[in-house]
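Data first, discussion second: the structure below is written as C-alpha cells.
The values are calculated or read from the model by the stated rules, or taken from the named source; none is laboratory data. Please read all numbers here as calculations on a predicted model, not as lab measurements. Cβ atoms come from the backbone with ideal geometry, glycine included; neighbour counts cover every protein chain shown. For accessibility, only protein heavy atoms count, side chains too; no ligands or nucleic acids. Shrake-Rupley method; radii C 1.70, N 1.55, O 1.52, S 1.80 Å.
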Amino acid sequence: MTVPTSGPMFLCSDATSSTGIDVCGTGIATAKFFLLDLPGPWPSDINLTDMWQETADVRREEFFRRSRYLLTKPKTQEIRLQCFIRDGAETRYASINLADGEAYSDGLKRLEACPADVYAGPTTLLICGHGARDKCCGTKGLDLEAEITALGIQTEVVSHTAGHRFAPTMIDMPSGDSWAYVDASLAQRIVAGEVTNTDYMNHFRGWWGAKAGAEQLAVRHLRINADDQ
C-alpha cells in the first residue's frame, strides 16, 4: 500500500482501524446496483456530473428506484452500463454498451428492457477508488485494485461506497456483501469462498439485503454460527 510521504502520518482509515471500531452494520442496503462507466476525473459528488443531470427523469421511473448508482472506470473504449438485481436469494444481471453518441438516459432504458439473467460470471469486486471524495480511497483503494487485478481477480473501480474511513472498501458481487480494511489475502479468500469467522468479525460491513444497523449485525451473527456448525 502507498504510504504518505508528507502531511499527517495517518489517513482516516488508519486512525479508525487503530481504534478497533466494529464496521458491521455500515454496509450498503439496496435492491439494485447500477454500474455506469464514466471516464474520469470524477467530481467529489456524482450528482455534479452531466450524466447525473441528464438521467434525472429516467431515474425517477419505477424500475430505477430503490437503487444505488456507482460510477465505474471504463476498461476499454466501450462505455458499459451494468445492473445487479437482488431477487430473493439470487442475483440477476444485465449489461449493455452505449452506442456512439447515445445518451446515458437512452442507454438506461435499453438496459431496463434487457432480460436480467441469474448472474453466472466470476466474482467481481467493486473497489472504491474515488480519490476526489476521500484520499483514503484514492490511495489505498487504487493500490488494492491494482494488486488483486494482477492476481487475476475481476475488479471494478467504483465511486464512493460510503465508509471511506474503513478503506480499502469493496462490495463483493454477486453476493452483495460489503467489506472494510480489505487486503489481497482477504480478497482471495472471498473469491475462493474461504471467508473465516475472523474475517466476518473484522471486515464484514453488511449484506445488501439487510438494512444498515441491527439487521446487518444479525446477518454476520448467522453466518458465523453457520460456519461453526
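Listed by first and then second residue, the pairs linking a residue in the range 54-74 that is without any contact (Cβ under 8 Å) to a residue 12 or more places away in the chain to a residue that is assigned to a loop (DSSP other than H, G, I, E, B), with Cβ atoms under 9 Å apart and 6 or more places separating them unless they lie on different chains, are 65/31.
Can you find a residue in the range 86-95 that is under 23 Å from residue 140 (Cβ atoms), surrounded by 15 or more Cβ atoms within 10 Å (Cβ to Cβ) and aromatic (Phe, Trp, Tyr)? No, because not a single residue in the range 86-95 is under 23 Å from residue 140 (Cβ atoms), surrounded by 15 or more Cβ atoms within 10 Å (Cβ to Cβ) and aromatic (Phe, Trp, Tyr). The residues of the range 131-143 that are open to solvent by 30 Å² or more (accessible area, probe 1.4 Å) and touching a Ser or Thr at 6+ places or on another chain (Cβ under 6 Å), listed by number, are 132, 133, 139, 143. If you go through the range 110-130 and pick out every residue that is open to solvent by 40 Å² or more (accessible area, probe 1.4 Å) and either within 19 Å of residue 42 (Cα to Cα) or basic (Lys, Arg) (or both), you end up with 1.
When restricted to residues that are touching a residue at least 40 places away in the same chain (Cβ under 8 Å) and part of a strand (DSSP E or B), the range 158-201 contains 7. Within the range 44-68, being open to solvent by less than 50 Å² (accessible area, probe 1.4 Å) and over 23 Å from residue 178 (Cβ atoms) holds for 49, 51, 55, 56, 58.
Put simply, of 103, 99, 150 the only residue that is modelled with pLDDT of 95 or more, within 23 Å of residue 65 (Cβ to Cβ) and either in contact with a Gly (Cβ under 8 Å, 6 or more places away or on another chain) or open to solvent by 20 Å² or more (accessible area, probe 1.4 Å) (or both) is 103. Considering every residue within the range 187-199, establish whether at least one is hydrophobic (A, V, I, L, M, F, W, C) and under 18 Å from residue 20 (Cα atoms). Checked against the condition, which is being hydrophobic (A, V, I, L, M, F, W, C) and under 18 Å from residue 20 (Cα atoms), the range 187-199 yields no hits at all.
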